[in-house]
Structure formats: structure tokens, C-alpha cells
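Peer 1: Structure provided below as C-alpha cells; questions to follow.
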Amino acid sequence: MTSRPRVIVNVAMSLNGMIAGKSGERVNISSAYDWERVYKLRSSVDAIVVGANTVIRDNPKLSINHVEHDLQKLPTRVILDANLRVPRNANVFDGSMRTMVFTEKSDEIQNAEMMRRKRHELLVDHLLIEFSSFGFKKILVEGGKRVISEFVSSGSVDEFYLYIGDILIEKDGLRLFDLDTNITNVIRDIKMMKSGVLISLNPYLLRESWIKKVRDF
């Protein structure tokens, strides 16, 4: 039996529990110090996974910036987008890093490997098997909210890092946690950083009361 990759989740949240602004608009939550940590974390994995909404709303490059790294072993950018809603001129298609798009659609996108799959093949358990077949031993899931919830709900997350930035976001922002029961003792470790706090959470306890499974690919 093929072992699945190690799965790490990393997400930034405001002091009042938001990971994005009104209607999911991008808000810069991480400090410069936290971004250095994120770049190093990205450089340590084989693939960086995000959903369509993250590409549409944030337009990230998912790069490792200036972190020293073997250019032959840059992480692969993986976009989960069943309905292929992402803009064709998004930063993830700049050709600087290998990029895969998992989708049901037949369209082509320049500088992207189109991984056409049926809907059930876009479920986390199936994806992890495929990731292993590509040689991915460690993956980083960066969002958005629904993609993170899918991985947590599947029970496949091994590490969960939550950066809480020194910022408050308006009340109509996108909240990370919508738990329907109380959970306790979920914190594994806390590290103080300049302009924020980095918390390591127990993903297995989070799974017990995570938000409903919904597809956003």
C-alpha cells in the first residue's frame, strides 16, 4: 500500500478570527517576520496546495521568494479547481514553477499541467494517492477555508500552523472556525513572534468538530 504524503496546513488569522475581509477579499495578516517563516516552510515541501478561491481572490505566486533552494527541486503548485474558474493570467501560471491544475474541465491553461479528473477523484483521499504517485512526500495546504476543511475533515493533516496577526478585520470578514461543538486542549505549542503569535494546533481534535464538508474546487 502506498503511504500518503505528510500534510501540513498553514493559515493566518486576525485577532478576531478572520482569514479574509468582506466577501473573501485579501487582507495582509502576516508580518514580514511571518512571511520569512512561510517561505522557509514552502521550501521544505514537495507541493503547495490551494483552491480556486485563493487564486481568484489573493492571486498568490506561492513562491519561496529568496530562500536558498535547489532550483531543480522547487515545490509544485497544485490548484484544486473542478470548474476551472481561475483567471488564465493568474500569478501561479507565470511559468516560474511547475503548476498542476486538478479539474473536471477540458480547457488548457498555458504553463499548467491539466490533471483532468472526475468529481469523486477530486476528494482528498484520492488526491493524496495521486500526490504519492508523483513523488510528493510532504505537502503544504494553504487554503482557502473550504480546502483546509476538506483536508482536516479527512483526518489526513499531520501539522496545523495558525499565525495570529496583530490586526482586526471588519465583522463581515471570512471566519476560519465555524465549529458546532466545544473542543478543548487543541493547542500543541505557542511561539511569540514580532507582530503576532504562531500556534501549532492538534488537527485530529479539530476534526472532531470542524465545519461541514463542502466542495469549493
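Peer 1: State yes or no: is residue 27 aliphatic (A, V, I, L, M) and closer than 19 Å to residue 86 by Cα?
Peer 2: Details: aliphatic (A, V, I, L, M): yes; closer than 19 Å to residue 86 by Cα: no.
Here the answer is no, as residue 27 does not meet what is asked.
Peer 1: Right, another one. From the list 207, 175, 188, exactly one residue is without any contact (Cβ under 8 Å) to a residue 40 or more places away in the chain and of a type in the set (Lys, Arg). Which is it? Break it down into steps so the answer makes sense when it comes.
Peer 2: On the way: 207 fails: without any contact (Cβ under 8 Å) to a residue 40 or more places away in the chain; 175 fails: without any contact (Cβ under 8 Å) to a residue 40 or more places away in the chain.
After ruling out the rest, the residue left standing is 188.
Peer 1: Could you list, in sequence order, all residues of the range 93-132 that are β-branched (Val, Ile, Thr) and closer than 19 Å to residue 8 by Cβ? Before you say what the answer is, go through the steps one by one.
Peer 2: Of all residues in the range 93-132, those β-branched (Val, Ile, Thr) come to 99, 101, 103, 109, 124, 129.
124, 129, listed by residue number.
Peer 1: The conditions are (1) among the acidic types (Asp, Glu); (2) surrounded by fewer than 20 Cβ atoms within 10 Å (Cβ to Cβ); (3) farther than 16 Å from residue 30 by Cα, and residue 166 fails exactly one of them. Which is it?
Peer 2: Here residue 166 meets the rest and fails (3).
Peer 1: Moving on. Taking only the range 149-165 into account, find how many residues are modelled with pLDDT under 95 and under 21 Å from residue 190 (Cβ atoms).
Peer 2: 1
Peer 1: Of the residues that make up the range 130-138, is at least one surrounded by 20 or more Cβ atoms within 10 Å (Cβ to Cβ), modelled with pLDDT of 95 or more and over 11 Å from the mean Cα position of the chain (by Cα)?
Peer 2: Our first condition is that a residue be surrounded by 20 or more Cβ atoms within 10 Å (Cβ to Cβ); within the range 130-138, this holds for 131, 136.
The next check asks that each one be modelled with pLDDT of 95 or more; those that pass are 131, 136.
Checking which are over 11 Å from the mean Cα position of the chain (by Cα) leaves us with 131, 136.
For the range 130-138, residues surrounded by 20 or more Cβ atoms within 10 Å (Cβ to Cβ), modelled with pLDDT of 95 or more and over 11 Å from the mean Cα position of the chain (by Cα): present.
Peer 1: Same structure, new question: Do you know which residues across the range 58-90 are in contact with a Lys or Arg (Cβ under 6 Å, 6 or more places away or on another chain), over 22 Å from residue 114 (Cβ atoms) and crowded, with 16+ Cβ neighbours inside 10 Å?
Peer 2: Within the range 58-90, just 64 meets the criteria.
Peer 1: Out of 8, 48, 19, report the one residue that is more than 18 Å from residue 176 (Cβ to Cβ), within 14 Å of the chain's Cα centre (by Cα) and not in a loop (DSSP other than H, G, I, E, B). Before you say what the answer is, go through the steps one by one.
Peer 2: Working: 8 fails: more than 18 Å from residue 176 (Cβ to Cβ); 19 fails: more than 18 Å from residue 176 (Cβ to Cβ).
Criteria check complete, one pass: 48.
Peer 1: Hey, any hits in the range 3-22 for a residue that's without any contact (Cβ under 8 Å) to a residue 40 or more places away in the chain, among the β-branched types (Val, Ile, Thr) and surrounded by 15 or more Cβ atoms within 10 Å (Cβ to Cβ)? Let's see the steps before the verdict.
Peer 2: So the first thing to find is which residues in the range 3-22 are without any contact (Cβ under 8 Å) to a residue 40 or more places away in the chain, and the list is none.
Checked against the condition, which is being without any contact (Cβ under 8 Å) to a residue 40 or more places away in the chain, among the β-branched types (Val, Ile, Thr) and surrounded by 15 or more Cβ atoms within 10 Å (Cβ to Cβ), the range 3-22 yields no hits at all.
The values are calculated or read from the model by the stated rules, or taken from the named source; none is laboratory data. It should be emphasised that the depicted structure is a prediction, and the values quoted were computed from it without experimental measurement. When we count neighbours, we look across all protein chains shown, and the Cβ atoms used for this are built from the backbone with ideal geometry, even at glycine.
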